[in-house]
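The structure appears below as structure tokens.
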Amino acid sequence: MVKRRRKLVSSRKESNPATRIEKNKGALYDDFDKNENHIRAVYSEASDLIFRHFYIAGKQKAVLFYLDGLVDIQELDDSVLSPLMEEFTAEYSGVKELLEKKISVSGVKELTKLSDCVKKISSGCPIILLEGWSSGFALNLTKFEKRAIEEPPAEAVVRGPREGFVETLEVNRTMLRRKIKSPKLKMKEIEIGKYSATPVILAYMDGIADENLIKEAENRLKRIDIDGVLDSGIIEELIEDYPYSPFPQLLSTERPDVATSHLLEGRFVILVDGSPFVLIAPVTIYSFLQASEDYYNRFIISTLIRWLRYVFLLISLLLPSIYVAVITFHAEMVPTSLMIGMAASREAIPFPALIEALLMEITFEALREAGLRLPKQVGSAVSIVGALVIGEAAVMAGIVSAPMVIVVALTGIASFTIPRYSGASAIRMLRFPMILLAGTLGLLGIMLGLITIIIHLATIRSFGVPFLSPMAPLMGSETKDILVRAPWWKLNTRPHLTGKYNKYRQAPGQKPGPKHGGD
Amino acid sequence: MAQGYLHLSKKLLLIVFTWGSLLVLSGCWDRVEINDLAIVLAAGIDKTEDDQIELTVQLAIPNQMGGGQQQGSGSGGQGEKPTLTKQATGTTISEAASILQQKVPRRIFWGHNTVIVFGKELAEGGIREYVEFFAHHPEPRLRSFVFVSEERASALLEVIPYLEQSSSQFARELARFQIGLRVTLKDLLESISGGARAVALPGLEYEYENVKEKKGGLNINGTAVFKEDKMEGYLDDRLTRGLLWIRNEVHLATVSFTPENADGYMSFKLLRSNTQLHPEIKDGKWKMTLAITTEDDIEENQTDLVLTDPKIIAELEEQLAAKIDERIEETLSTVQKEMKADVLGFAKSFEQKYPDEWEQVKDRWEEKFAEVEIEVVSKAYIRRLGMSTQPQGIPEEEMKEE
């Protein structure tokens, strides 16, 4: 079946005029009209293609192609058309000289292939073809509407940079470059998407990142054969190691500072045009529990907050299931007075605890999903109804018990302490099988579930790095950034698995103090 | 490729099927919702006239115990009893329990039983057979407290106490204070089977404040002394205090006496106390030295003694130690000479130090215990004088300094 689908795609490929040009590996024709007709044929029925004939210095025939809306027309008129069209007598012997003398645009590229010309037009560069020359030139005058740089709403910080990536690749690239001024920051561009032709950048630090890792990443990116890339999420699913795992094996972030810190630890970053989310790999499960702010706040506080997150990760995964297991199988485990309190609140509840828990958890998930999707205008109405229905009314009506509401609320809060949304979603999803196991096998079921999850986590790797490292396999000194957040003057080495080729991050012995004042 | 795809879906199906059947087949067989449990808070065991046993259980009524705000049913928690007592008779406890189950619409659940009370009548005939149930059944806790009631245990469980929600909780909190003895089921089982062949259990009694509503309180009172597993005698409160000192279990104690050369009482509050047993066998003579060290605060001073004087304090310390000695001697004479029941832990202490000699007297320990020579060496320290070092309300010139 799969094979047949492949065939279907490839047969479509041949009928596409754009790809037919690509297949024609020949250079631009000598014949000016032929070239023009070719491009116009490729862009037939494309109402946004603008072409304009003009004479250079009133003598030589030329044609300009561009796609409306993608080009800085003001600049095109001022720096290209008007200098070229005004009468001038100076002789020139080739396109190159013409460019050097007449066109005051910095980004100019000479093209010799028709396919290249088409590509350039599509990506927003005006193309000029000249009569009598078998080459055209592309002017880098791309300009289109883009979103302003804002603070990413999903990764807000109290302290730290407030800029976030936007949808425009060039802007994102600039943000990285502004943070790392070294030429060692390499950015390989790969084009993905048969129709979308989305530029994707693989960024890494030369001399820190493992060469084999970069080669592997590049290979995986190049292997992708897809019609369009709309977001980095699509790339993520096509290059990860364990596609069936609920856990994401690439980190996505909107924050340039996060991307930069990972670059400096020897990881690579994938920027995708059109998506404010960049991908980072290889990562471990702990990457999903670290917020960028951890590194900007005082280390003692950051350590405590990290532990808070670890605790709430467990709560988010296990609290409802432990509650269900305890009150249906292990009533002797709870202190007597608490137990009697819980029994009292369950007195009038018609459902078994398992059903009650599932009911509430599903309702909470629905509420969360609805809150995400609903139009802002009705937001407050829905949230009031949701809060009342879930909280007050359901308890008053005796459909759910008050402790269950507390459990669900706490679990909901807990799942949002995980800084990375994609990691939190995995935990949220795994909660449901855990509740089912707890409701059928009790604490034994919870243990079975936990063991399964741990085995799975120990199995998977992200681009060759064990997902649980550096805790499993245990690497003693590496835990300085896992169990605690060591102060910066202690974080002298890069993480071993990604940064071993350039081990030292900074000079040792930088612990400040009055004695180190001005020596 | 196509084959692999199929294979994967097959694998997935297999996983779903096995897990699904695991969940369904295991079928939550011991799943019981907590609102389907009859939670036993306390159990009382009495003897009936025809030599059967009567089991009384105190069951919690969760709604009445103030759990949650589920007053929706309209009856209102006010005035309703928070607990319910139910009785059944049978030849064994488990038989009585199964008869009891016929009268209770929820599954009787022993997991939260914290108090076991034996009626005196039953205790005199031996308790070993009845303790066994609580150790044998998987649900009851070995940490439940065991008491002996002079009256019928059932009457005690019917008390609706003030301050606490149930008489079970009342008894438990009292036991935790360790004003009287604190014996858990585990301690009891250990000492029944231990070398001493004697057991001490705290006594529990009740008094009604409102007989009609059965409102009242409980009171830990004295100690029931068992030989083997049969109740032998009763130590009153005063003797119980001495017993606590010897067993190194005293935590809350106030000693009051009139110091020499002074009028009025002085009260000393125990800070901490340590009792060590030093067994010794010399020329066939068995001797036990009790080394007691107590540290006390002065809590009340009715006399005209000025406490800042170290000489006075030294004298008081001596007198305090003597006072404690006196109490202990009293208990010793009753327990050792009259009852001949080793509830003091001597047997264990001798066994540990002189295992060979112990082996010889093991079978006639009761006689041997009565012959053991006992020496009490106590030392008291006064640590803090309280907020006023001088007696209050006395003109300065009348204060006594040495």
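Against the test of being more than 7 Å from chain B (Cβ to nearest Cβ), in contact with a helix residue (DSSP H, G or I) (Cβ under 8 Å, 6 or more places away or on another chain) and farther than 19 Å from A:Ala397 by Cα, the options A:Val334, A:Val378 yield a single qualifying residue, A:Val334.
A:Lys194 meets each of the listed conditions (1) basic (Lys, Arg); (2) crowded, with 16+ Cβ neighbours inside 10 Å; (3) not in a loop (DSSP other than H, G, I, E, B) apart from (3).
Scanning the stretch A:34-71 for residues that are in contact (Cβ under 8 Å) with a residue 40 or more places away in the chain and among the aromatic types (Phe, Trp, Tyr), which turns out surrounded by the fewest Cβ atoms within 10 Å (Cβ to Cβ)?
Just the residues of the stretch A:34-71 that are in contact (Cβ under 8 Å) with a residue 40 or more places away in the chain, to begin with: A:35-36, A:38-39, A:42-43, A:49, A:56, A:60-67, A:69-71.
From the residues that got through so far, the ones that are among the aromatic types (Phe, Trp, Tyr) too are A:43, A:65-66.
Working: A:Tyr43: 19, A:Phe65: 23, A:Tyr66: 26.
So, considering only residues that are in contact (Cβ under 8 Å) with a residue 40 or more places away in the chain and among the aromatic types (Phe, Trp, Tyr), the one surrounded by the fewest Cβ atoms within 10 Å (Cβ to Cβ) is A:Tyr43.
Figure legend. Inter-residue proximity from the stretch A:168-188: first residues assigned by TED's automatic domain parsing to the domain that holds A:Ala217, second residues among the hydrophobic types (A, V, I, L, M, F, W, C) and exposed (fewer than 15 other Cβ atoms within 10 Å of the Cβ), beta-carbon distance below 7 Å, spacing 6+ or different chains. Indicated pairs: A:Arg173/A:Met187. There is no residue in the stretch B:257-265 that is modelled with pLDDT of 90 or more, within 24 Å of the chain's Cα centre (by Cα) and under 24 Å from B:Leu385 (Cβ atoms). When B:Thr223 is tested against (1) within 15 Å of the chain's Cα centre (by Cα); (2) outside the structural domain of B:Ala321 (by TED's automatic domain parsing); (3) surrounded by fewer than 16 Cβ atoms within 10 Å (Cβ to Cβ), only condition (3) is not met. For the stretch B:276-315, filtered to residues that are at pLDDT 90 or above and among the hydroxyl-bearing types (Ser, Thr, Tyr), the residue that is nearest to B:Gln392 (Cα to Cα) is B:Thr294. For the stretch A:345-359, filtering for residues that are surrounded by 22 or more Cβ atoms within 10 Å (Cβ to Cβ) and more than 10 Å from every other protein chain (Cβ to nearest Cβ) leaves 1.
Within the stretch A:421-519, which helices (runs of 4 or more DSSP H) (wholly inside it) include 2 or more residues that are within 30 Å of A:Leu372 (Cα to Cα) and of a type outside the set (Asp, Glu)? Walk me through how you get there before you give the answer.
Details: elements: A:421-441, A:443-459, A:496-499.
Of the helices (runs of 4 or more DSSP H) lying wholly inside the stretch A:421-519, those with at least 2 residues that are within 30 Å of A:Leu372 (Cα to Cα) and of a type outside the set (Asp, Glu) span A:421-441, A:443-459.
Of the residues making up the stretch A:381-409, those that are over 34 Å from the mean Cα position of the chain (by Cα), among the small types (Gly, Ala, Ser) and away from chain B (no Cβ under 12 Å) are A:Gly391, A:Ala393, A:Ala394. Of all residues in the stretch A:321-335, those satisfying the criterion of being touching a Leu at 6+ places or on another chain (Cβ under 8 Å) and in a helix (DSSP H, G or I) are A:Ser321, A:Ile322, A:Val324, A:Ala325, A:Val326, A:Thr328, A:Phe329, A:Ala331.
When each of B:Glu173, B:Glu164 is tested for being within 14 Å of chain A (Cβ to nearest Cβ), part of a loop (DSSP other than H, G, I, E, B) and modelled with pLDDT under 90, the lone residue that passes is B:Glu164.
Condition check for A:Gly398 on (1) on the phi > 0 side of the Ramachandran plot; (2) assigned to a helix (DSSP H, G or I): one failure, at (2).
Rundown of residues vs (1) within 29 Å of the chain's Cα centre (by Cα); (2) modelled with pLDDT of 85 or more; (3) outside any helix (DSSP H, G or I), yes/no style:
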| position | (1), (2), (3) |
| --- | --- |
| B:Glu317 | no, yes, no |
| B:Ser333 | yes, yes, no |
| B:Lys337 | yes, yes, no |
| B:Glu367 | yes, yes, no |
| B:Lys379 | yes, yes, yes |
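The sole residue among A:Arg428, A:Arg373 that is under 30 Å from A:Ala291 (Cβ atoms) and in contact with a helix residue (DSSP H, G or I) (Cβ under 8 Å, 6 or more places away or on another chain) is A:Arg428.
None of A:Gly371, A:Gly341, A:Gly412 is assigned to a helix (DSSP H, G or I) and within 10 Å of chain B (Cβ to nearest Cβ) except A:Gly341. Just one of the listed residues (B:Thr223, B:Thr184) is at pLDDT 90 or above and touching a Lys or Arg at 6+ places or on another chain (Cβ under 6 Å), namely B:Thr184. Of the numbered conditions (1) more than 10 Å from chain A (Cβ to nearest Cβ); (2) modelled with pLDDT of 85 or more, B:Ile34 fails exactly one; give the number of that condition. Status for B:Ile34: all satisfied but (1).
Please go through the stretch B:91-113 and give me each residue that is within 14 Å of another protein chain (Cβ to nearest Cβ) and surrounded by 15 or more Cβ atoms within 10 Å (Cβ to Cβ), ordered by number. Break it down into steps so the answer makes sense when it comes.
Keep residues of the stretch B:91-113 that are within 14 Å of another protein chain (Cβ to nearest Cβ), which gives B:105-113.
If the condition is that a residue be within 14 Å of another protein chain (Cβ to nearest Cβ) and surrounded by 15 or more Cβ atoms within 10 Å (Cβ to Cβ), then B:Arg106, B:Ile108, B:Phe109, B:Trp110, B:Gly111, B:His112, B:Asn113 are the ones that fit.
Consider the stretch A:164-182 and keep the residues that are part of a helix (DSSP H, G or I) and not charged (D, E, K, R). The one that is farthest from the chain's Cα centre (by Cα) is A:Thr174.
Does at least one position in the stretch B:331-341 carry a residue that is farther than 28 Å from B:Phe268 by Cβ, surrounded by 14 or more Cβ atoms within 10 Å (Cβ to Cβ), in contact with a Gly (Cβ under 9 Å, 6 or more places away or on another chain) and not basic (Lys, Arg)? Before the answer, list the steps.
Applying the first criterion (farther than 28 Å from B:Phe268 by Cβ) to the stretch B:331-341 yields B:337-341.
Still in the running and surrounded by 14 or more Cβ atoms within 10 Å (Cβ to Cβ): B:339-341.
Still in the list and also in contact with a Gly (Cβ under 9 Å, 6 or more places away or on another chain): B:339, B:341.
If we keep only those that are not basic (Lys, Arg) too, we end up with B:339, B:341.
Within the stretch B:331-341, one or more residues are farther than 28 Å from B:Phe268 by Cβ, surrounded by 14 or more Cβ atoms within 10 Å (Cβ to Cβ), in contact with a Gly (Cβ under 9 Å, 6 or more places away or on another chain) and not basic (Lys, Arg).
If we keep just the residues of the stretch B:114-128 that are away from chain A (no Cβ under 14 Å) and assigned to a strand (DSSP E or B), which is surrounded by the fewest Cβ atoms within 10 Å (Cβ to Cβ)? Residue satisfying both the conditions and the ranking: B:Gly119.
Can you find a residue in the stretch B:167-176 that is touching a residue at least 24 places away in the same chain (Cβ under 8 Å) and surrounded by fewer than 17 Cβ atoms within 10 Å (Cβ to Cβ)? No.
The values are calculated or read from the model by the stated rules, or taken from the named source; none is laboratory data. Everything quoted here is computed from the prediction, not taken from an experiment. A quick note on method: Cβ atoms are made from the backbone with ideal geometry, for glycine too, and the neighbour counts reach across all protein chains shown.
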